[in-house]
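The block underneath contains the structure these notes are about, expressed in C-alpha cells.
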Amino acid sequence: MKKVVIVLTASLLGAGLATGAWGQATQTRPSGDTSTQRTDDKQRQAWSPDPGAVETSKLIGTRVKTTDGKDVGEIDQLIVSQSDGKITHAVLGKGGVLGIGETKLVLNWSDVKLQRDPDKPDRWVAMVEQAKLDSAPRYEARKDRDTAPAASPGTKPPAGRSSEPAKPSEPAKKY
C-alpha cells in the first residue's frame, strides 16, 4: 500500500511540475504595455568597444618588457580606484615558475606604456623603464580581502552604529 501511495504522489508531483513548466513556456505578454516586455537576447542591439579601447581581459597576462626589450614578467592584476573607477596601478609577476617563487611588484599605471606585440598583432606588450622596476615596491595583498566593499566610496555607518560587531553585555548562558 505504501508503494502505491508513493508512486501516485510522485506521478502527481511530476505532472504538476510539467504543467507549470509548460505554462511558463507558453505564457504570452500583453502587447499594449511595452514597459514590462523583455527583449530576447538575440534581438538586443550589439555593442562593441571603440577601436582605440583595450579590454581588461586582454591586459591580464600581458608580457612586460623593459624599454630595451628584456622580458621581465607579466601583468597579474590591475588596481582600480573606488572613487573614480580608473586604473591606478598594475601588479607585475616577476620570476618564479608557474607562479611559485614569483615576486609581485606594483607599478603606477602611468609608468606602463602599452603597445601592440610586433610578433603577435592580436596581443599587447607593456613597456616599463628599468629604473621604474628597480624602484617598484613589493605588492602585498590587503588583509581585509574577505570584507565586501561599501555601497559607494563615501558610505559610512549610520550615526550611533559602528562597523565593529556588537559585543554582548553579559556572557552567554550555557544550558
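The values are calculated or read from the model by the stated rules, or taken from the named source; none is laboratory data. Quantities reported herein were computed from a predicted structural model and do not represent experimental measurements. Ideal geometry is used to build each Cβ from the backbone, glycine not excepted, and the neighbour counts take in all protein chains shown.
Taking every residue in the range 55-70 that is at negative phi and pairing it with any residue that is part of a loop (DSSP other than H, G, I, E, B) and not aromatic (Phe, Trp, Tyr), at least 6 positions away or on another chain, the pairs with Cβ-Cβ distances below 6 Å are THR67/GLU129.
Filtered by the rule that a residue be farther than 22 Å from ALA131 by Cα and among the basic types (Lys, Arg), the range 68-111 gives a lone residue, LYS86.
Applying the criterion of being outside any strand (DSSP E or B) and of a type in the set (A, V, I, L, M, F, W, C) to the residues of the range 51-80, the residue that is farthest from the chain's Cα centre (by Cα) is ALA53. The criterion of being surrounded by 14 or more Cβ atoms within 10 Å (Cβ to Cβ), closer than 27 Å to ALA131 by Cβ and modelled with pLDDT of 90 or more holds for LYS65. Looking across SER83, SER110, SER48, one residue alone is assigned to a loop (DSSP other than H, G, I, E, B), polar (S, T, N, Q) and either surrounded by 14 or more Cβ atoms within 10 Å (Cβ to Cβ) or at pLDDT 90 or above (or both). It is SER83.
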